[in-house]
Amino acid sequence: MIITRPRDWARIEVRLDALGARRVFVMGCGQCATVAGTGGEAEVLEAKAVLERSGREVTGWSVGEVACHAGGQRLETREHASELAAADAVLVLACGAGVQTMADAVEDTPVLPGLESVFLGNVVRHGVFEERCQMCGDCVLDRTAGICPVTTCPKGLLNGPCGGMWNGMCEVLEDRECTHVRIRRRLAQQGRTGESVPLPPKDYSKKLKPGKVDLRAASHGKGGTS
Ligand code: SF4
Ligand code: SF4
């Protein structure tokens with residue numbers, strides 16, 4: 001899921017003032033931002049209260065099922081058409097993908113991000129998220145015993161450990177075991193010590209930017225990507 005954190009509220013106020021936006025519609029997200037506790041109903045109502053305390057009118061609010069789903073967002077905007085039409089701006093408590101989906105749905109109205117999108121995260125347990133993948137498009141997990149070196153090593157080292165590793169611990173995150181020590185230990189656990197060899201440089205050209213996958217495209221063998 002996409003992990004978000006609240007955006008500095010002062011920045012939101014500055015942008016609303018710059019736009020002369022006195023009337024605001026607030027949109028949340030029923031998926032990632034709800035799980036992350038940043039853009040669910042409670043946070044949308046909190047944002048509404050803060051906006052009203054600062055003298056703005058909230059013309060309406062909504063928490064759609066998935067903010068980054070274009071079809072769902074279009075339905076949501078249809079349901080709230082009059083409230084959106086009355087707004088000078090829309091504040092979206094969702095990741096950047098959700099903000100852009102909303103911006104596409106209401107092209108005539110300025111849309112502002114209410115959150116910062118920080119990483120693609122694993123849910124370790126309730127309220128605890130960890131970044132495990134940067135979606136590089138050239139996965140090496142088959143070589144690294146299922147531990148991503150480029151994401152979980154703070155230096156992003158494909159091969160390691162670096163010279164700062166001490167007693168198996170990471171020199172940057174001192175309370176964590178070095179990623180490369182973990183990889184070697186797990187490879188040994190699996191009887192794969194012979195695979196502890198340097199990996200060739202990653203092919204970052206495989207990272208799709210901007211990413212697009214069309215499952216309806218004929219070339220499914222290539223992932224229908226472009
Ligand atoms: S190697 Fe790339 S695709 Fe695989 S987990 Fe790491 S960042 Fe993600
Ligand atoms: S100690 Fe290990 S995990 Fe930490 S920065 Fe160095 S190589 Fe990366």
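The values are calculated or read from the model by the stated rules, or taken from the named source; none is laboratory data. Every value quoted in this text rests on a predicted model; they were computed, and no experiment measured them. Cβ: placed from backbone, ideal geometry, glycine included. Neighbour counts: every protein chain shown.
Name the single residue, out of those in the stretch 175-188 being assigned to a loop (DSSP other than H, G, I, E, B) and near ligand 2 (Cβ under 9 Å from one of its atoms), that is surrounded by the most Cβ atoms within 10 Å (Cβ to Cβ).
Cys178
Out of all the residues in the stretch 184-199, is one or more within 14 Å of ligand 1 (Cβ to nearest atom) and out of contact with any Asp or Glu (no Cβ under 6 Å at 6 or more places or on another chain)?
Checked against the condition, which is being within 14 Å of ligand 1 (Cβ to nearest atom) and out of contact with any Asp or Glu (no Cβ under 6 Å at 6 or more places or on another chain), the stretch 184-199 yields at least one hit.
Residue-by-condition table, conditions (1) surrounded by 16 or more Cβ atoms within 10 Å (Cβ to Cβ); (2) without any contact (Cβ under 8 Å) to a residue 12 or more places away in the chain:
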| residue | (1), (2) |
| --- | --- |
| Ala70 | no, no |
| Arg78 | no, yes |
| Ala86 | no, no |
| Val90 | yes, no |
| Val99 | yes, no |
| Thr109 | yes, no |
| Gly114 | yes, no |
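So, in the stretch 91-110, of the ones that are over 15 Å from Ile12 (Cβ atoms) and outside any helix (DSSP H, G or I), which residue ends up nearest to the chain's Cα centre (by Cα)?
Cys95
I'm trying to understand the selection: among the residues of the stretch 1-38, which are within 19 Å of the chain's Cα centre (by Cα) and without any contact (Cβ under 8 Å) to a residue 24 or more places away in the chain?
Asp8
What are the residue pairs meeting all of these: first residue in the stretch 200-224, first residue within 21 Å of Leu157 (Cα to Cα) and in a loop (DSSP other than H, G, I, E, B), second residue at pLDDT 85 or above and of a type in the set (Asp, Glu), Cβ atoms under 6 Å, and 6 or more apart or on different chains?
Listed pairs, sorted by first residue: Lys202/Asp138; Asp203/Asp138.
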